[in-house]
Structure formats: structure tokens, C-alpha cells
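Novice: Below you will find the structure I want to go over with you.
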Amino acid sequence: MASRILSTLHNVSSSSSSSSFVSTTKRCLGLCCLWHRSLSGTGASVAADIEPSKPPVQIEHNQLLIDGMFVDAASGKTFPTNDPRTGDTIANVAEADVEDVNRAVRAARKAFDEGPWPKMTAYERSRIILRCADILEKHNDEVAAIETWDSGKPYEQAANVEIPMVVRLFRYYAGWADKIHGLTVPADGSYHVQTLHEPIGVAGQIVPWNFPLLIFSWKVAPALACGNTVVMKTAEQTPLSAIYVSKLFLEAGLPPGVLNVISGFGPTAGAALCTHMDVDKLAFTGSSETGRRVLELSARSNLKPVTLELGGKSPFIVCKDADIDAAVEAAHSALFFNQGQCCCAGSRTFVHESIYDEFVEKAKARATKRVVGDPFKSGVEQGPQIDFAQFEKILKYIRSGIESGATLESGGQRVGSKGYYIEPTVFSNDDMLIAKDEIFGPVQSILKFKDLEEVIRRANATHYGLAAGVYTRNIDTANTLMRALRVGTVWINCYDVFDAAIPFGGYKMSGQGKVRGIYSLRSYLQVKASVTALKNPAWL
């Protein structure tokens with residue numbers, strides 16, 4: 001279903017600057033649109049109370065994976081991972097600390113320096129990565145159930161979109177494994193010059209809780225394709241799916257020590273990984289504040305290179321000529337998808353003043369119809385927030401919006417008496433704190449603009465620069481905004497299109513480096529120049 005996530009821009013007449021730029025939203029197969037199309041407008045939004053159903057899966061693995069073995073933490077400590085539907089404990093998971101990070105890095109270093117992984121042919125590595133994808137595909141439903149149970153995201157979203165995307169991404173990078181090569185370089189003088197693209201070594205990787213397995217794949221797949229070994233630290237809120245998938249990868253033939261998975265907390269396990277002198281590269285996805293800390297820790301240790309995919313406050317711009325109904329649905333999905341817990345959520349909805357009132361009314365109506373409930377139940381669009389801390393943070397921002405004079409159009413309350421459910425919330429009017437800070441929740445801010453110059457200035461007036469959306473029928477308007485917006489991705493008449501081949505990463509404080517596509521490979525390779533003197537060469 002999601003094996004290839006594509007969006008197409010339809011034909012544009014080039015006869016004049018006012019030529020029609022045909023919207024293709026209804027055909028958009030973006031990450032959120034693909035799933036939302038079959039659910040939109042399905043009826044009443046919430047029940048008075050939400051009773052959780054029994055998950056169709058058992059938790060069998062809760063230890064650390066180090067050197068091909070599941071082991072307890074050296075300290076024997078565990079910590080609970082909780083069900084966002086109730087707050088109850090799902091399982092107690094091994095809590096890694098400094099000694100466990102040392103063990104995992106030693107295993108990864110040995111696997112890189114002495115093991116078969118970097119020394120086998122690229123084709124052999126490719127075949128193992130393909131087997132990893134195959135076995136994951138066979139266990140799609142179990143993995144999706146674990147992801148839903150641990151994170152609260154709708155099961156249909158996980159099973160029909162996210163896990164197939166993970167499979168697709170591993171197959172994409174399996175295809176790259178035997179196509180990585182250097183160059184022969186002409187030089188002044190009698191020399192043979194060539195470049196080698198070599199694996200960087202041991203990669204330390206830290207993933208967030210909002211898309212635990214999807215972002216796991218963005219980091220692990222390119223690292224393995226390049227011949228590196230990995231120490232992965234999961235988010236403490238959502239450790240279970242990565243542990244289960246790492247077990248599947250061992251069954252697929254991944255050699256011991258190539259992938260090590262540890263669970264634990266940022267100040268202990270995360271900091272130890274960032275400062276470890278035998279880690280050659282770091283990749284982190286999370287908040288900009290924590291990303292800054294990761295950079296500091298790298299600088300204080302061995303200056304290991306760092307890739308960062310950080311926060312955002314992405315503008316979603318609806319121009320006066322846009323298809324309003326299509327733009328309302330896309331803006332709704334761009335913000336509320338995954339309970340609003342997306343780094344690239346279209347959380348600043350800018351709407352031209354000529355269509356503003358109509359847009360707000362339709363956005364309010366769509367939010368009211370959004371189905372909130374147990375994420376394991378069919379037809380549910382929105383599950384609970386990840387944990388109590390995030391739940392409280394979002395409600396605090398909603399109270400702030402009301403107190404600052406913003407107009408609460410819909411929502412704004414807790415749903416039910418248990419779990420971390422929040423009503424889909426829509427605010428209108430300008431100059432709100434909630435329109436400036438990254439809320440990471442189901443809160444849409446709809447802002448009014450007069451012309452392109454104004455909206456470009458306001459859209460760029462932020463420390464973030466991750467992504468943006470544009471809805472317009474005019475090719476000139478689209479091109480103007482596409483070039484003017486200081487962000488890493490611009491979606492035009494679509495949103496959240498995440499193909500394995502499309503690079504993703506931000507400008508400014510939204511990060512550095514790219515994930516996915518050919519650009520991600522560069523983060524896991526280093527270039528060596530080899531120069532050999534030639535005697536009496538036949539040619540140069």
C-alpha cells in the first residue's frame with residue numbers, strides 16, 4: 001500500500017503567468033494523506049470515555065541487544081514503558097547505563113574491525129539487508145501492534161503505512177549497497193589518483209518516540225548499506241518495537257555486533273554514547289534543545305561528525321486561488337496526523353484574507369468530525385498523546401492560547417477520564433504563543449495574511465526551517481514560495497510525502513545533514529584520496 005509514496009504535479013500551461021496550476025491533493029499519497037483519505041468524515045469525533053481493547057500481541061523481549069545476545073543491564077535496573085491509553089505499564093525494560101554503552105560500543109567496534117560485515121562483498125551485504133526487509137514484512141502486523149501499544153498511534157496507520165514504509169526503505173538501501181564507489185581523478189603531473197568511499201566505522205544513533213521504527217530505519221538502513229556497525233539508543237518512552245525488530249534481523253542473518261540496541265535515558269545512556277571516544281559518528285532525531293547538547297558532547301569528546309534532524313514550526317500556506325476543500329483536508333492532516341506529534345507538522349496555517357473565514361469554518365467542522373479513540377479500533381484517526389508530560393504540556397499551551405485572546409474555534413479539552421487523549425483543537429487570530437512554539441500536539445493555529453511578501457516574511461520569521469506546505473493553482477506563485485521559504489522541504493499541493501529516495505532535513509535550528517535518499521549515504525562514508533606516482537605513463 002505504501003511501498004512507493006509519490007505525489008505528482010499535473011500539467012501546467014506556460015502561456016501566461018496567470019496559468020492554472022492544477023491541484024493534485026486528491027491524488028496525493030503522502031504519509032498522512034495516504035491513511036487519512038479512507039478515514040476523513042467518518043462521523044462523531046469522540047466518546048465520553050475510551051475503553052482500551054486488548055492488544056493482539058505479547059511482549060517477549062525487553063532486554064538489551066549487545067553482540068547478538070539479549071542481555072540484562074549491567075546494573076540489573078529496569079524501567080517501565082507505559083500504555084498511553086491508560087498510563088499502565090506494558091513491560092519493564094532493561095535500563096542501559098555507561099557500562100552497557102561501553103559493552104555495546106566494544107561489540108560494534110569488534111564487529112567492524114574484525115567481523116565479516118565490512119569485509120564481505122557489497123552484494124552479500126545487500127542480500128542480508130533484503131532478508132531483513134523480507135522477514136520484517138512477514139511480521140508486519142505484530143510489529144505494528146507493538147508500535148501502537150507503546151506509542152498510541154492508530155494501528156491502521158502503523159500497519160498500513162508506517163511498517164510498509166520501513167520495509168521499503170530497507171529495500172531501497174539494500175539496492176544502494178553495491179553501487180557505492182569512488183572516482184578516478186585526473187591530476188596535474190604523472191600520478192594515478194583515485195578516491196575511495198569507506199565506511200565511517202561505529203555509528204551511534206538516537207531515535208525519538210513519535211515514529212520509533214520509521215526513524216530507526218532512516219538511520220540503520222543507510223549505515224548498514226555502507227558497511228558500518230551501529231549502536232542504537234531507543235527513546236525511553238517507546239523501546240519495544242526496535243527490540244523486536246532487532247531480533248528479526250538476527251534471524252535474517254545479520255552478524256552479531258553489527259546492530260546493537262540499548263534502551264535507557266538521555267542523561268545517562270544517551271550522553272555516554274555521545275561522548276564515547278570509540279564512536280565514529282552520531283545521528284540524532286529529537287528536539288533542537290537536545291540536538292544542541294548532542295553537538296556539545298561530540299565536541300568535548302572526539303569531534304565525531306553529527307547528523308541532526310530536529311524540531312520545526314512549519315508553515316502551511318493557503319493562497320487565495322487554492323481549492324479550499326482540498327486545502328482544508330490537507331492542512332488538517334498536516335497538523336493532526338500522529339496526534340500532532342510530528343517534527344514537520346504544518347502547525348502554522350496561513351490563509352489568505354479573502355478566503356480566511358470560509359477556511360476557518362471548514363477547518364473547524366473537519367476537526368469536530370475527527371475520530372478520537374482506542375488506536376487499536378478500526379476507523380480511529382487519533383489516539384492518545386505519548387505520555388502524561390506531553391499531555392500536560394499541550395493542555396498548558398491550549399490554556400495559554402485562550403488566555404492570550406486567541407479564538408478557540410473547537411476542542412481544547414481532555415477526552416475521557418483515562419489515558420492521554422485530547423480533543424482536536426483549532427484556534428484562529430494572530431500573534432499567539434501557540435503559533436510560535438513547537439507544541440507537538442493536536443492544536444491547529446489558523447493565521448491570516450494579505451499578500452505573498454507578508455506571508456514569506458512571517459513564514460521565515462522563526463529559528464526553525466524544517467518544512468513547508470503550499471496550496472495554489474498558480475505555477476508562478478508556487479515557484480515564488482518554493483524558492484523563498486527557508487526550509488529543507490517544500491510540499492506543493494500535497495504534504496508529508498515521504499519517499500525512500502526523497503532527502504529530508506532542515507535549515508537553521510531544524511538540523512544539519514539529510515536523512516533518506518542518496519544524501520543520507522554521505523553521512524556514513526568518508527572519502528580517502530589515493531595518489532600513486534606513475535613512471536612513463538602511456539597517457540594522463
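Novice: Under unit Cβ charges (Lys, Arg +1; Asp, Glu -1), what dipole magnitude, rounded to 20 debye, does the range 315-502 have relative to its Cα centre?
Specialist: Using only the charged Cβ atoms, the result is roughly 340 debye.
Novice: Between Asn302 and Asp325, what is the label-to-label distance in nm when each label sits 7 Å out along the Cα-to-Cβ direction?
Specialist: Label at Asn302, label at Asp325, 6.0 nm between them.
Novice: Shifting gears a bit: Over the range 315-502, calculate the relative contact order: mean separation of alpha carbon pairs under 8 Å at least 6 apart, over the residue count, as a percent. If you can, show how the numbers build up before the last one.
Specialist: Numbers: 342 pairs, mean separation 50.6, N = 188.
Here the relative contact order equals 27 percent.
Novice: Based solely on its DSSP helices, what 222 nm [θ] is calculated for the chain when runs of n ≥ 4 H residues each add -39,500 (n - 2.57) and the sum is averaged over all residues, nearest 500 deg cm²/dmol?
Specialist: -10000 deg cm²/dmol
Novice: Take the Cβ-Cβ distance between Ser75 and Asp357 as r, set R0 to 45 Å, and report the resulting FRET efficiency rounded to the nearest 0.05.
Specialist: 0.15
Novice: To the nearest 10 degrees, how steeply does helix 140-151 sit against the main Cα axis of the chain, on a 0 to 90 scale?
Specialist: 70 degrees
Novice: Percent of accessible area on the range 315-502 owned by carbon and sulfur, 1.4 Å probe?
Specialist: Ligands and nucleic acids excluded, carbon and sulfur give 48 percent.
Novice: Excluding residues fewer than 8 places away in the same chain, name every one of the lysines whose C-alpha is closer than 24 Å to that of Lys304.
Specialist: Leaving aside lysines fewer than 8 places away in the same chain, those within reach of Lys304 are Lys110, Lys119, Lys219, Lys233, Lys281, Lys508, Lys514, Lys528.
Novice: What Rg and what Dmax come out for the chain when only alpha-carbon atoms are used, in angstroms?
Specialist: Final numbers for Rg and Dmax: 23.9, 86 Å.
Novice: At a probe radius of 1.4 Å, what is the per-residue accessible area of Asp499, in Å² to the nearest 10?
Specialist: It works out to around 0 Å².
Novice: Can you work out the FRET efficiency for the pair Asp113 and Arg486, with r the C-beta to C-beta distance and R0 = 41 Å, to the nearest 0.05?
Specialist: Step by step, r from the Cβ atoms, then E = 0.45.
Novice: What whole-number volume per residue, in cubic angstrom, does the convex hull of the C-alpha atoms of the range 315-502 give?
Specialist: Convex hull of Cα atoms, per residue: 121 Å³.
Novice: Quick one: dipole size for the chain, taken about the Cα centre, charges +1 on Lys/Arg Cβ and -1 on Asp/Glu Cβ, in debye to the nearest 20. Numbers along the way, then the final one.
Specialist: On the way: 56 positive and 57 negative charges, 248 e Å.
Using only the charged Cβ atoms, the result is roughly 1180 debye.
Novice: How many percent of the alpha carbon pairs in the range 390-442 exceed a separation of 18 Å?
Specialist: The calculated P(r) of the range 390-442 puts 24 percent of pairs beyond 18 Å.
Novice: Taking the dipole about the Cα centre of the range 98-164, with the C-beta of Lys and Arg at +1 and of Asp and Glu at -1, give me whichever of Asn140, Ala122, Val101 is farthest to the positive side.
Specialist: Ala122
Novice: Within the range 482-519, list the residues whose amide N lies under 13 Å from a label point set 7 Å along Cα→Cβ of Leu452.
Specialist: 482-485
Novice: Could you give the radius of gyration (one decimal) and Dmax (whole number) of the Cα atoms in the range 126-247, in Å?
Specialist: Spelled out, the Cα radius of gyration and Dmax of the range 126-247 are 17.8, 64 Å.
Novice: How big is the antiparallel share of DSSP beta bridges in the chain, given as a percent to the nearest 5? List each step's numbers first, then the result.
Specialist: Numbers: 29 of 69 bridges.
Counting only bridges with both partners in the chain, antiparallel ones make up about 40 percent.
Novice: Can you give me the accessible area per residue for the range 315-502, using a 1.4 Å probe, in Å²?
Specialist: Details: 6390 Å² over 188 residues.
I get 34 Å² per residue for this part.
Novice: Here's a follow-up. Where in the range 491-522 does the amide nitrogen come within less than 15 Å of the point 7 Å from the Cα of Leu295, taken along Cα to Cβ?
Specialist: Of the residues in the range 491-522, 506-514 have backbone N under 15 Å from the label point off Leu295.
Novice: So, in Å, what gap is there between the alpha-carbon centers of the range 231-309 and the range 122-186?
Specialist: Cα centroid to Cα centroid, the span is 18 Å.
The values are calculated or read from the model by the stated rules, or taken from the named source; none is laboratory data. This one's a predicted model, so the numbers in the text were calculated from it and none came from an experiment. Note: ideal-geometry Cβ built from the backbone for every residue, glycine included; neighbour counts use all protein chains shown. For accessibility, only protein heavy atoms count, side chains too; no ligands or nucleic acids. Shrake-Rupley method; radii C 1.70, N 1.55, O 1.52, S 1.80 Å.
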